[in-house]
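Okay, so here's the structure we're looking at.
Computed from the coordinates by the stated procedures, all read-outs in this text should not be read as laboratory data. Since this is a predicted model, take the numbers as computed values, not measurements. Because the Cβ atoms are built from the backbone with ideal geometry, glycine has one as well, and the counts that use them run over all protein chains shown.
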Amino acid sequence: MSIELPTLDIIEGSKEIATTGEETYAAKSKRSGEAKKGKVYIESYGCQMNFADSEIVAAILKQDGYSTTDSETDADVIFLNTCAIRDNAEQKIHSRLQSLKALKRKNPKLVVGVLGCMAERMKQSLFEQEKIVDLIAGPDAYRSIPQLIELAESGQKAANVFLSLEETYADITPVRREGVSAFLSIMRGCDNMCSFCVVPFTRGRERSRPFQTILDEIKMLSDEGFKEVTLLGQNVNSYNDEQGKVNFAELMYRASLIDEKMRIRFTTSHPKDISDELVSVIAERPNLCKFIHLPVQSGSTRILALMNRNHTREDYLKKIEMIQSKIPDCALSTDIIAGFCTETEEDHRETLSLLEQVRYDYAFTFIYSERPNTPAAKKLKDDVDNATKQRRLQEIVTLTKRIAAERYAESIGKVYEILIEGDSKRSSEMWMGRTDNNRVAVFPKTGQEKAGDFVKVRITNATAATLIGERI
Ligand code: SF4
């Protein structure tokens with residue numbers, strides 16, 4: 001049975017895009033006074049873009065008179081802001097929706113909505129599969145959420161999954177969690193068509209925010225006391241404000257001048273777009289962090305061609321050489337997919353040898369999971385058996401951990417400036433912070449410092465993921 005969707009004349013439709021991760025974020029409203037409308041609970045899954053989007057959703061709802069809550073049991077509206085990058089990311093949402101059924105039974109007026117990439121990918125079929133869902137909104141449809149809630153409250157299934165060529169939410173100031181570090185979306189969508197990736201179909205075409213709105217927001221974050229900002233986009237290197245004639249290198253340069261004490265990070269980069277100019281700017285400006293996440297996905301040129309990555313192993317290694325020659329202490333991380341279609345043992349060994357050559361601090365590693373309607377799903381055979389995928393993944397993980405442990409051990413005896421983020425997870429007697437090149441460091445509190453301070457720490461020990469030190 002197909003479901004008639006109420007139409008909303010709000011956003012011009014166009015094309016497609018997407019991303020990763022996991023965790024929960026209950027948006028905290030800083031709104032004062034009585035809420036005129038209901039309370040909204042937002043749970044975010046996937047990449048940092050999704051977490052940043054939840055802050056935009058919270059801002060849109062706040063403007064409309066809603067408040068946000070950290071408690072699902074207290075909520076009138078529950079949103080799951082979802083990821084579609086892998087099948088298991090979607091399975092998590094299906095089981096989360098099951099777990100919300102008890103709340104819906106208790107309160108039949110509760111509105112349950114699915115936002116983000118999974119909503120965009122599944123569209124009406126989500127209503128058919130999950131009866132509990134009242135509302136769906138794709139990544140470019142968040143301005144229409146107040147109207148969608150009203151429709152859902154009147155008993156209709158409400159949906160807006162139009163993708164936009166223009167929407168950047170540039171005029172919306174996100175409702176951020178308090179802390180030392182903020183995320184800031186500078187662009188949306190992706191024009192690359194990596195064959196495994198659902199993002200171009202769930203987040204639409206690439207669009208850049210006007211540069212001045214970004215610089216103004218960084219200034220505001222600095223005035224509010226944030227000490228670090230991460231510029232976000234599916235492919236930030238191709239940021240381009242055509243009207244302002246500002247590319248990503250120029251944007252980073254201008255951003256670095258706003259508050260010379262504020263650390264600026266960015267993610268994610270595509271290897272084909274990372275330029276000499278950008279790396280030179282990072283090298284020159286002290287507050288641009290010496291850390292680059294540069295997804296490679298595979299070490300085999302043959303597999304990279306099947307993935308439609310638009311770079312070879314050799315191109316990638318040349319970029320790494322360029323980065324390491326300009327910024328010798330630059331830390332690197334990457335994404336790797338194990339067991340992509342037709343991957344042989346030789347291809348896999350090329351991935352392992354690339355890991356040895358580059359020596360990343362960290363790698364996000366995944367088993368290939370076919371996503372419906374992607375070019376890989378249409379044209380290639382997912383022919384590597386699961387046991388082989390698992391074994392290859394394990395070999396990649398073991399190697400990246402060994403290399404990370406070696407790299408972290410090289411820090412012992414050195415002194416780093418650490419931005420304190422808060423208590424260490426293991427002990428409230430210890431602080432947790434990060435080096436400029438994104439390594440987590442813990443050290444005992446002295447009573448002389450607080451979260452948000454920059455302090456000098458000598459490293460005395462290290463694991464594969466944490467530096468341990470003492471303040472000097
Ligand atoms: S660059 Fe490739 S992997 Fe990254 S979001 Fe775009 S299509 Fe997906």
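In the condition set (1) in contact with a helix residue (DSSP H, G or I) (Cβ under 9 Å, 6 or more places away or on another chain); (2) under 19 Å from Pro271 (Cα atoms); (3) in a helix (DSSP H, G or I), His348 is compliant with all but (2).
Let me confirm something: among Ala404, Ala376, Ala451, which residue is assigned to a helix (DSSP H, G or I) and either more than 30 Å from Met193 (Cα to Cα) or in contact with a Leu (Cβ under 6 Å, 6 or more places away or on another chain) (or both)? Every option except Ala404 fails the conditions.
Quick check: anything in region 282-289 more than 20 Å from Glu250 (Cβ to Cβ) and more than 15 Å from the ligand (Cβ to nearest atom)? No, there is no match, as no residue in region 282-289 is more than 20 Å from Glu250 (Cβ to Cβ) and more than 15 Å from the ligand (Cβ to nearest atom).
For the residues Ala404, Ala376, Ala331, the requirement of being over 30 Å from Val279 (Cα atoms) and in contact with a Phe, Trp or Tyr (Cβ under 7 Å, 6 or more places away or on another chain) singles out Ala376.
Name the residue that is nearest to the ligand (Cβ to nearest atom), counting only residues in region 222-273 that are touching a Lys or Arg at 6+ places or on another chain (Cβ under 8 Å) and within 18 Å of Ala170 (Cα to Cα). Residue satisfying both the conditions and the ranking: Gln234. Pairs are defined by a Cβ separation below 7 Å, a sequence spacing of at least 6 or placement on different chains, a first member in region 438-450 that is closer than 17 Å to Ala409 by Cβ, and a second member that is assigned to a loop (DSSP other than H, G, I, E, B) and charged (D, E, K, R); the pairs so defined are Arg439/Asp361.
Of the set (1) within 19 Å of the chain's Cα centre (by Cα); (2) away from the ligand (no atom under 16 Å from the Cβ); (3) surrounded by fewer than 20 Cβ atoms within 10 Å (Cβ to Cβ), all apply to Ile218 but (3).
If you take the residues of region 384-408 that are within 24 Å of Arg121 (Cβ to Cβ) and not hydrophobic (A, V, I, L, M, F, W, C), which of them is surrounded by the most Cβ atoms within 10 Å (Cβ to Cβ)? Among those that are within 24 Å of Arg121 (Cβ to Cβ) and not hydrophobic (A, V, I, L, M, F, W, C), it is Lys389. If I go through region 299-339 residue by residue, how many of them are in a loop (DSSP other than H, G, I, E, B) and within 12 Å of the ligand (Cβ to nearest atom)? Residues flagged as in a loop (DSSP other than H, G, I, E, B) and within 12 Å of the ligand (Cβ to nearest atom) within region 299-339 amount to 5.
Within region 162-201, restricting attention to residues that are part of a loop (DSSP other than H, G, I, E, B) and touching a Gly at 6+ places or on another chain (Cβ under 7 Å), the residue that is farthest from the ligand (Cβ to nearest atom) is Val180.
For region 294-320, the candidate set comprises residues that are polar (S, T, N, Q) and closer than 17 Å to Gly339 by Cβ; within that set, the residue that is nearest to the chain's Cα centre (by Cα) is Gln297.
Of all the residues in region 250-263, those that are buried (at least 18 other Cβ atoms within 10 Å of the Cβ) and either without any contact (Cβ under 8 Å) to a residue 40 or more places away in the chain or farther than 18 Å from Pro210 by Cβ (or both) number 7. Among the numbered conditions (1) within 11 Å of Tyr408 (Cβ to Cβ); (2) under 25 Å from the mean Cα position of the chain (by Cα), the only one that Gly433 does not meet is (1).
In region 185-203, the residues that are within 23 Å of Arg302 (Cβ to Cβ) form Cβ pairs under 8 Å with partners that are more than 9 Å from the ligand (Cβ to nearest atom) and aromatic (Phe, Trp, Tyr), at six or more places apart or across chains, as follows: Phe196/Phe340; Phe196/Tyr368. Identify all residues within region 209-259 that are more than 13 Å from Leu278 (Cβ to Cβ), touching a Gly at 6+ places or on another chain (Cβ under 8 Å) and outside any helix (DSSP H, G or I); write none if there are none. Within region 209-259, Pro210, Gly225, Phe226, Lys227, Gln234 qualify.
Here's the yes/no breakdown for (1) buried (at least 16 other Cβ atoms within 10 Å of the Cβ); (2) outside any strand (DSSP E or B):
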| residue | (1), (2) |
| --- | --- |
| Ile56 | yes, yes |
| Ile60 | yes, yes |
| Gly65 | no, yes |
| Thr73 | no, yes |
| Leu80 | yes, no |
| Ala89 | yes, yes |
| Glu120 | yes, yes |
| Lys131 | no, yes |
